[in-house]
Amino acid sequence: MRRFWLRLHRWLALALGLPLAVVALLGSSLVVLKPLDRWLNAELFSVPAGPAAPDLLERTRRQLQAEFGPGASLVLRPPRQAGESLRAAVRGPWEGFVYLDPRGARELGRRGEREGLFNLVFELHSSLLMNEAGKPLLAALALAYLVLLIGGLVLWWPRHWRQAFALALDRGLLRGLFDLHRTGGVVLGLLIAVPVATGAYMAWKPLSQAVTSLSGGPALAPPKVPAVDLPPATLDALVATAQARFGDAPVGFVQVPAGNSKPVRVRLMLPDDPHPNGLTSVWLHPLAGTVLRADRWNALDPGARANSVIYPLHTGELGGLALETVNASLGLGLTALGVSGLWLWWLRRQPAQRQPSRHALRHARPRRGPGRKGAPG
């Protein structure tokens, strides 16, 4: 079994270790790139403080639909504090982000979905630049990491715990790198599994659907929109109706689908919701303006409700700057494990290193007897 796990660990790492390391490195870089992007592009994110236009959302919808057509869907992020711009994500003939001044819906600028370093890195990290097709691949990478973690723990498991974390850094590059990779994988492996597993959960929707199915309850779907012959309600009136259901809670996002056959969704940020964008949802009829359904975040189906913790845990926002730093460090740790594993494999292929490395791997466990203190751990 040990030989089986060694071969599985080696070949799985050779096949998927580099993509895993790259995705982890990209995720770590996002922690730095996000505030850097806002600083370098302050003209898009910041505006002079002032009261927002009373019809800001409706005015934004009309001018964007006039440009991109009624077939475009919109996700609006209203300003959450003074001096912030309004951000509109557009999905239609053009896909990207439009930034507007909330005082009069004047456009400040726009960027394509992959335009700018932060947007490009985010798309690489979240979908491998393959949109929905890339998300199952990310879930497969996460599963591969869990198999690598199990195999690494099996190969590391010591006969004598006194030498379990021994490092022989004075016996050449090959032996030192081997000990660092093996011990580092054990020390960091379980911690790294948290951002890896949470990332897979967010990337691939069938995982949350599976959680709901295992709980025995049905998954909540958007409500159906009854047909009516009415002029469209203004978006600002819809949002006000949604807020009134939950004590004028702050708005996280306003999702405006294309056409009038689907409901408008207003996401609200309640004080007890750990999700930074809020998961409490009010679904409204786009024409009549009536509430079709209201879902408090802690009343969602289990698979969807889990995102309240999983999302901020993955991004680090659940614990503020401290957790963001820890997550970024774990991403760098996973990158280091991937690089060191590939380096070990390459060193073992060199003629001068072939025999010592084979000997080191075959006798990686501590030996018995008092005179074996320096044996490989």
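The values are calculated or read from the model by the stated rules, or taken from the named source; none is laboratory data. Since the model is a prediction, treat every value here as computed from it, not as a measurement. We place every Cβ from the backbone using ideal geometry, glycine too, and count neighbours over all the protein chains shown. The protein model used for the area step is the full one, side chains on, heavy atoms only, and it has no ligands, DNA or RNA in it. Shrake-Rupley method; radii C 1.70, N 1.55, O 1.52, S 1.80 Å.
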Working only within segment 41-74, note down all residues that are closer than 16 Å to Val239 by Cβ and either of a type in the set (Phe, Trp, Tyr) or open to solvent by 40 Å² or more (accessible area, probe 1.4 Å) (or both).
Ala52, Pro54, Asp55, Arg59, Arg62
So which pairs qualify, if the first residue must be in segment 27-54 and without any contact (Cβ under 8 Å) to a residue 40 or more places away in the chain and in a loop (DSSP other than H, G, I, E, B), the second must be among the hydrophobic types (A, V, I, L, M, F, W, C) and open to solvent by 80 Å² or more (accessible area, probe 1.4 Å), the Cβ gap must be under 9 Å, and the two must be at least 6 apart or on different chains?
Ala49/Ala82
Being in contact with a Ser or Thr (Cβ under 7 Å, 6 or more places away or on another chain) and not hydrophobic (A, V, I, L, M, F, W, C), is that true of even one residue in segment 68-75?
no
Examine segment 235-244 for a residue that is part of a loop (DSSP other than H, G, I, E, B), open to solvent by 20 Å² or more (accessible area, probe 1.4 Å) and either small (Gly, Ala, Ser) or without any contact (Cβ under 8 Å) to a residue 12 or more places away in the chain (or both), and state whether such a residue exists.
no
Residues satisfying the stated conditions in segment 223-232, i.e. touching a Pro at 6+ places or on another chain (Cβ under 7 Å) and open to solvent by less than 80 Å² (accessible area, probe 1.4 Å)
Pro223, Val225
Residue set Gly116, Gly109; condition at positive phi, buried (at least 16 other Cβ atoms within 10 Å of the Cβ) and touching a helix residue (DSSP H, G or I) at 6+ places or on another chain (Cβ under 9 Å); output residue Gly116
Subset of segment 171-193 that is in a helix (DSSP H, G or I), touching a residue at least 24 places away in the same chain (Cβ under 8 Å) and of a type outside the set (A, V, I, L, M, F, W, C) - its residue that is farthest from Asn327 (Cα to Cα):
Arg175
Do you know which of the residues in segment 246-286 that are among the polar types (S, T, N, Q) and within 25 Å of Pro93 (Cα to Cα) is surrounded by the fewest Cβ atoms within 10 Å (Cβ to Cβ)?
Ser261
If I ask for residues that are within 11 Å of the chain's Cα centre (by Cα) and among the polar types (S, T, N, Q), which ones from segment 120-138 would you list?
Ser126, Ser127
So, first residue under 15 Å from Val187 (Cβ atoms) in segment 158-170, second residue at pLDDT 85 or above and open to solvent by 30 Å² or more (accessible area, probe 1.4 Å), Cβ within less than 8 Å, six or more apart or across chains; the pairs are Phe165/Val187; Leu167/Leu180
Run down Leu330, Leu300 and say which single residue is of a type in the set (A, V, I, L, M, F, W, C), crowded, with 18+ Cβ neighbours inside 10 Å, under 29 Å from Ala242 (Cα atoms) and in contact (Cβ under 8 Å) with a residue 60 or more places away in the chain.
Leu300
Residues of segment 55-112 satisfying the condition of being of a type in the set (Asp, Glu) and under 27 Å from the mean Cα position of the chain (by Cα):
Glu84, Glu95
Considering residues that are among the small types (Gly, Ala, Ser), surrounded by fewer than 21 Cβ atoms within 10 Å (Cβ to Cβ) and over 15 Å from the mean Cα position of the chain (by Cα), the number found within segment 7-40 is 1
In segment 172-217, which residues are open to solvent by 40 Å² or more (accessible area, probe 1.4 Å) and touching a Phe, Trp or Tyr at 6+ places or on another chain (Cβ under 7 Å)?
Met202, Leu207
